[in-house]
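The structure appears right after this line, and notes come after that.
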Amino acid sequence: MGIRLDGIGKIFETDDLRVEALSGITAEVQDHEFVSIIGPSGCGKSTLLRLISGLIPPTAGTTFLDDVAVDGPTGGIGFVFQAPTLLKWRTVFKNVMFPYEVLASQRNATASKAEFEERAHKLLKMAGIEEFTHAYPKQLSGGMQQRVSICRALIHDPDLLLMDEPFGALDEFTRERMNEELLRIWRETKKTVVFVTHHIPEAVFLSDRVLVMSRRPGTILGEVEIDLPRPRLAEMRESVEFLDRVVETRHLIGLGSGAELLSEDPV
Amino acid sequence: MATDVEVVAPPSEPVAPPARRSIDRIRRFSDPLIFGVLITIGWQVIIQIFDFHPVVLPPPSRVWTVLSTQGDFLLESMLDSLDTIIRGFLYGSLFGWAAGVAITYSPIVRRAIHPILVALFVVPKAIFLPLLILWWGVGGFPDHKIVVTMLLAFFPVTENTIAGLSGVDREMTELSRSLGGSALFMFRKIALPFSLPFVLAGLRIAMTEAFIGTLFVEILVPNEGIGSRIVDAQDVSNTQFIIAAIVVIAAFGLAAYFLLQWIEKRLTKWY
C-alpha cells in the first residue's frame, strides 16, 4: 500500500491551549517500503501515524492511501502501539484473534474465522511464541508481549503496518533482537511499514528510508536513503556503511559532535 | 519491566509442592478456628475470675444454649433480614453500576449528577430514615429498609465502576477503533471486561454495606428481622440471645463475603 501525505497540518485546540503539532508535512511511502520516522519527543510522530490510520483527522492537507483520501479508520491497517496493549483477560491466542472479532462485528472480515485461526497459529509460530498460545499476557515478558501485539497487527493481513515506537520500552539487547525478528517477519509478509522511533540506529537498521522530523511544530527536515544490502544481520551494525548512515541521520537532526559545548563561545 | 525474550519455560504460576499446599489449605481454616476456641476459653476464664453478672457478660455455655435451643428462631429471623440484604444489595449494585457507566461516559451526567451523589455519599444513610418513614410509613412501599440498604450498596459499586471504566487507556480504545469497531463494541469487548475486577471489588464492599444497612435499620426501627429481635432481647436483658444473634450475623456475613471473593477469583484468574 502506498501512502501520500499532502501538506498535512494538525493543530490541537482546547479552551486554553493551542498546540500546532504538525505543519506542512508532504511525503510519500512506496508500496512494500519500510520507512522510519525519527525525531525528538513531542515532535508529532505519533500524531502523524494516527492521521495516516484515520484515527484522527488533519486540520490541513490530505492523506492518501493508494490514492484514496483517508476519512476515518478503514480496517486495512495493522497498528502496533508503544505499549503492547494486550487485553489481559484474553489468552495470547484470543488477543491475536481480536481484530477478527472487530472486523466481523462490522461484517468486514475478509476471511472465515477458521482461516483467521489458522493464520493466528502461523503468526505465533513465526514470532516464536507458539508455546504461549494459551497463556495470559501477565505470564509473558515485555518483549514477548510486544511480539503478540505484532502478530495481532498482522492477523487480518493488512497492507500497511503502522508501528509507534514499539520497542521503546525494551532494553537495548531485547530491542536489537526484536529489530532482527521484525525484519524477518517483514521479509516474509512484505507489508508497507511506517515505523516511528527516536532511536537512530534502530531506524537505520530497519529502514529503506528514514524521514527526519523537527521539533514542534513537526515538519520534515529531510530524509536519509538507507541503501544497505538486505537481508540485514546483526553484524551490519558494526560496519562503516551503517555508522555512516547513523552519522548522516544525526547531522540531519542537528546532533553534532558535542564539541561546540567545549568551545569558549558556545553557539 | 521484565523483557527477557530468552524465557522458554512453559507458562505456569509459581506453585508450592502439593504437600505444602494442602497444609496451607488446612491452616486457612484451622488457624482462625483455634483462635476462636482460645477466645472462648479466655472468655470463660475471665467470667470465673471476675465473677461477672450473667446480664453483663454471660458465659459461652449460655450463648451456646441459646444457639442450640433457639437456633431455628434465630435462623428464621436472619433469613428475614437476608431477604432485605440481598434485595437491597442487588438493586443498589445494579443502579450503582448504571450510574457509574452514565457518569463515566456522559459529561453532562458527570458534571450535574456526580457531585450530588458524592454529597449523598458522605451523609450517613440512616439520616434518611425519618424521611422515608414519614413518606411511606413502616412497611410501606418502597420498604424503608430496602431503600437504606440500596443507598449503602450503591456507592461502592458506582465509584469502583467509574474507576474501572476510566482505566481503559487511549491505545486500547484505538485498537478497536483503528479496525472500524463501534463505540458499543469497544464498551462490550474492552471496557466491560477491563472494569470487571474493579466492579467485583465494589460488589464485595457493597455486600458488607448491605448487611450494615439492613441491620442498622432493624435496630433503629424494630419490625422484622434479626436486628429487631436483638432489640427485643435487650428489652428483657437477654444478653446471651444478643451475643448468639451476633454470632449468627457474623457467620452469614463471613459466608457472603467469601462467596463473593470466590466468584471474584473465578472470574478474574487472568488479573
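The values are calculated or read from the model by the stated rules, or taken from the named source; none is laboratory data. All values reported here derive from a predicted model rather than from experimental measurement. All Cβ positions, glycine included, derive from the backbone under ideal geometry; neighbour counts span all protein chains shown.
Of everything in the stretch A:104-123 that's touching a Phe, Trp or Tyr at 6+ places or on another chain (Cβ under 9 Å) and within 8 Å of chain B (Cβ to nearest Cβ), which residue is surrounded by the most Cβ atoms within 10 Å (Cβ to Cβ)?
The selected residue is A:Ser105.
To keep it simple, each residue is scored yes or no on (1) of a type outside the set (A, V, I, L, M, F, W, C); (2) surrounded by 14 or more Cβ atoms within 10 Å (Cβ to Cβ); (3) outside any strand (DSSP E or B).
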| site | (1), (2), (3) |
| --- | --- |
| A:Glu13 | yes, no, no |
| A:Leu22 | no, yes, no |
| A:Ile25 | no, yes, no |
| A:Val35 | no, yes, no |
| A:Pro40 | yes, yes, yes |
| A:Cys43 | no, yes, yes |
| A:Leu49 | no, yes, yes |
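In the stretch A:183-227, how many are closer than 29 Å to A:Lys122 by Cβ, β-branched (Val, Ile, Thr) and at pLDDT 90 or above?
Count: 5.
Just to be sure before I move on: is A:Pro84 modelled with pLDDT of 90 or more and more than 30 Å from A:Thr133 (Cα to Cα) in the structure I sent?
no
Of the residues B:Asp83, B:Asp31, B:Asp24, B:Asp51, which is more than 14 Å from chain A (Cβ to nearest Cβ), at pLDDT 85 or above and loosely packed, with under 11 Cβ neighbours inside 10 Å?
Just a single option satisfies the conditions, and that option is B:Asp31.
Provide a single number: the residues in the stretch B:30-63 that are within 27 Å of the chain's Cα centre (by Cα) and in contact (Cβ under 8 Å) with a residue 60 or more places away in the chain.
The total comes to 1.
Residues of the stretch A:199-218 being touching a helix residue (DSSP H, G or I) at 6+ places or on another chain (Cβ under 8 Å), surrounded by 18 or more Cβ atoms within 10 Å (Cβ to Cβ) and either within 14 Å of another protein chain (Cβ to nearest Cβ) or of a type outside the set (A, V, I, L, M) (or both), which ones?
Within the stretch A:199-218, A:Pro201, A:Glu202, A:Phe205, A:Gly218 meet the criteria.
Would you confirm, using the coordinates I've provided, whether A:Phe79 is part of a strand (DSSP E or B), within 14 Å of another protein chain (Cβ to nearest Cβ) and more than 25 Å from A:Thr110 (Cβ to Cβ)? Before you say what the answer is, go through the steps one by one.
Values: part of a strand (DSSP E or B): yes; within 14 Å of another protein chain (Cβ to nearest Cβ): yes; more than 25 Å from A:Thr110 (Cβ to Cβ): no.
The answer is no for A:Phe79.
Being of a type outside the set (Lys, Arg), free of Cβ contacts under 8 Å to residues at least 60 places away in the same chain and either in a loop (DSSP other than H, G, I, E, B) or at the interface with another protein chain (Cβ under 10 Å from one of its Cβ atoms) (or both) narrows it down to one residue among A:Pro99, A:Pro84; which is it?
A:Pro99
Could you say which residue among B:Pro130, B:Pro193, B:Pro115 is surrounded by fewer than 22 Cβ atoms within 10 Å (Cβ to Cβ), of a type outside the set (Asp, Glu) and within 14 Å of chain A (Cβ to nearest Cβ)?
When all the criteria are applied, what remains is B:Pro193.
Any idea which residue in the stretch A:149-169 is surrounded by the most Cβ atoms within 10 Å (Cβ to Cβ), counting only those that are over 15 Å from the mean Cα position of the chain (by Cα) and on the phi < 0 side of the Ramachandran plot?
The selected residue is A:Ile155.
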